[in-house]
Amino acid sequence: METVGLCHTDLSMGVGGAITDVPKILGHEGTGKVLKIGSKVTHVAVGDPVILSFTWCGDCSPCKSGAPGYCYEFPQGNFIMNDLDETYVLDGQKIDGKFFGQSSFAKIGIVNGPSVVNVKHLNLDADTLAKFGPLGCGFLTGAGAITNAGEAKKDESCVIYGLGGVGFAAIMAAKIAGCNPIIGVDINEKKFDLAKKLGATHVIKGGDDAEVSKQIKELTGGHGAELSLECIGGSRFVQNAVDNACHLGKIVYVGLAGMEDVISIPSFPFMIGGKKLIGCTEGNARPYEFIEKMIGWHAKGQFPIEELQKTYKIEDFQLAVDDMKKGNVIKPILKY
Ligand code: APR
Ligand code: ZN
């Protein structure tokens, strides 16, 4: 591994209890170089520069249909499970080292083949590749949710709940699609200037749901938003987005909530409004295609991810976590 981005999912999985509490190595936005390959791996060679993404089985029907984010093996491959093998053992204790197929908070890892996206043919210099770890998860999730799941269109009104790495990627993708207005909602006002710089036409301070609803309605001509993206994590925000969607409006749900979280929506307005609530994992993206698409946007100056990032030495891990939690940086990049 050469760099790894820090994402909210690392934090929610790190506190224990999110799925299981087994010892684990997190990290899932790695970049690096291939040191060795297994006998069945054909898409990379030793020495190739790579970006790491999520893993999938390749055999099930969603995988075969080109939707690897919905692989039936997704939880086993990407999340921390209890059924650990003997790959990583410390003092007799098995450790999960395959988080998102990669566990890139370790300097050297055994990475699943499908998680590895070869970028050799793009001839990226080292400094550029170092920025691209989050293209494998957080940025792919936000930009893919807008582009693929939300099918964002020119002049559609768009609301983005949560201005983290996911939400900011969504704002940039909404701008590329030509959405208007683009409204960002966050509880932390420190994010607002940058959100406006990167494409938000308006920002709303979150916290008071009724006030958020009122402002969204005002900014969208009274009927509500055509496209909304929930990237905070929880039913409360989904419910607010459904309430504030116009007739035929699309609501894409991305945030990671607790296992016990239940979405409860008034059924009558949902039905007569013809609203569409869409669950979305990993931006409905095929990493090997969508990462290259984002690199193309970046090269044209349309996806200025440097504005979101700050690089930390790996030893300063805790500082990076604290800065992200405070909103001082949107997307910390840890460098080995
Ligand atoms: N109202 C509005 N915004 C809020 C609220 C709230 N009540 N609570 C938190 N937020 C904002 C935070 O201030 C922060 O800017 O949500 C944002 C979340 O951003 P990050 O913590 O950086 O998370 P990110 O990595 O972008 O992930 C967002 O997507 O993939 C999932 O697990 C991930 O649920 C997480 C979500
Ligand atoms: Zn599969």
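A compact table of results
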{"read-out": "Prolate/oblate/rounded call for the range 1-154, Cα gyration tensor, a/c under 1.5 rounded", "value": "rounded"}
{"read-out": "Relative packing of peptides 197-210, 142-155 - highest average C-beta neighbours within 10 Å first", "value": "142-155, 197-210"}
{"read-out": "Mean Cβ count within 10 Å, highest first, over the residues of peptides 251-263, 170-182", "value": "170-182, 251-263"}
{"read-out": "For Tyr288, net neighbour charge (Lys/Arg +1, Asp/Glu -1) across residues whose Cβ lies under 13 Å away", "value": "0"}
{"read-out": "Fully extended contour minus Cα-Cα distance, from Ala299 to Met81, at 0.36 nm per residue", "value": "74.7 nm"}
{"read-out": "Sites Ile110 and Asn180 - FRET efficiency at Förster radius 41 Å, r taken between beta-carbons, to 0.05", "value": "0.35"}
{"read-out": "Estimated FRET transfer efficiency (Arg236, Lys196; beta-carbon r; R0 22 Å; 0.05)", "value": "0.30"}
{"read-out": "Highest-fluctuation residue, Gln318, Gln215, Gln102 considered, GNM on the chain with Cα pairs under 10 Å", "value": "Gln318"}
{"read-out": "Global geometry of the range 142-256, whether rounded, prolate or oblate, following the gyration tensor of its Cα atoms and the 1.5 cut on a/c", "value": "rounded"}
{"read-out": "Two-site label geometry, Leu122 and Asp322: point separation in nm, points 7 Å out along Cα→Cβ", "value": "3.3 nm"}
{"read-out": "Among Gly233, Gly221, Gly133, residue whose mean-square fluctuation peaks in a GNM of the chain (springs only between Cα atoms under 10 Å)", "value": "Gly221"}
{"read-out": "Cβ-based net charge around Lys36, under 15 Å, with every Lys or Arg adding one and every Asp or Glu removing one", "value": "+2"}
{"read-out": "Environment charge of Gly167, counting only residues whose C-beta is closer than 12 Å and scoring Lys/Arg +1, Asp/Glu -1", "value": "0"}
{"read-out": "At 1.306 mPa s and 10 °C, Stokes diffusion of the chain via Kirkwood alpha-carbon radius, µm² per second", "value": "78 µm²/s"}
{"read-out": "Gyration tensor verdict on the range 16-79 (Cα atoms; rounded if a/c is under 1.5, prolate if a/b is larger than b/c, oblate otherwise)", "value": "oblate"}
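None of the figures in this text is laboratory data; all of them are computed from the coordinates on show. Quick caveat: nothing in here was measured; it's all calculated off a predicted structure. Virtual Cβ from ideal backbone geometry, glycine too; neighbours counted across all protein chains shown.
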